[in-house]
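What follows is a short report on a single structure.
The values are calculated or read from the model by the stated rules, or taken from the named source; none is laboratory data. Being a predicted model, the structure only gives us computed values, none of them experimental. For neighbour counting, all protein chains shown are included, and Cβ atoms are generated from backbone atoms with ideal geometry for every residue, glycine included.
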């Protein structure tokens, strides 16, 4: 690992593309402080910054593994550009979800579900959704289920998950990605609506 720290970013990316996971860990350690600070400076929320940081590195992993990374400038600039685009996507999505048009005559801004008390039907739907999610999570392979539970139910960072499971951060991120893909596949197979 010590020899890897002497390599340039370009050399580390090439090594990671050739299945050297320790090269990715070195890249992560080299850039995580600057990247997280950049994201946090913009979003002003540690939780959101954590999510975007992890999503950025998941995108980096996917792009490099699929051979989509091409050296056109500094690796750090590419990282920041990915994070910046993810931040923009987040705020666009948030804006779309929060926009209510009052142009329509039948729009009643005060007749909103989030302003009312929970009904018996709401509680039953919530219980059914929780039961469906629990069954899907239990159907995941053990390593994927373990990472998903640590991330979403114990609110652990991918670094903490990697340490707790004795795997690299890259492996933890990969397991999380496959867990989400498998959950979507299982939900579609059983006609269950999930927001993952």
If I ask for residues that are without any contact (Cβ under 8 Å) to a residue 24 or more places away in the chain and over 18 Å from residue 174 (Cβ atoms), which ones from segment 48-67 would you list? 49
One residue from 176, 156, 183 being part of a loop (DSSP other than H, G, I, E, B), modelled with pLDDT of 80 or more, in contact with a helix residue (DSSP H, G or I) (Cβ under 6 Å, 6 or more places away or on another chain) and buried (at least 16 other Cβ atoms within 10 Å of the Cβ): 156
Yes/no for residue 147 being at pLDDT below 85, part of a helix (DSSP H, G or I) and buried (at least 17 other Cβ atoms within 10 Å of the Cβ): no
Here are 76, 70, 37, 45: which of them is surrounded by fewer than 16 Cβ atoms within 10 Å (Cβ to Cβ) and touching a residue at least 60 places away in the same chain (Cβ under 8 Å)? 76
Considering only residues that are in contact (Cβ under 8 Å) with a residue 12 or more places away in the chain and more than 11 Å from the chain's Cα centre (by Cα), which ones fall in segment 174-188? 175, 178, 179, 182, 183, 184, 186, 187
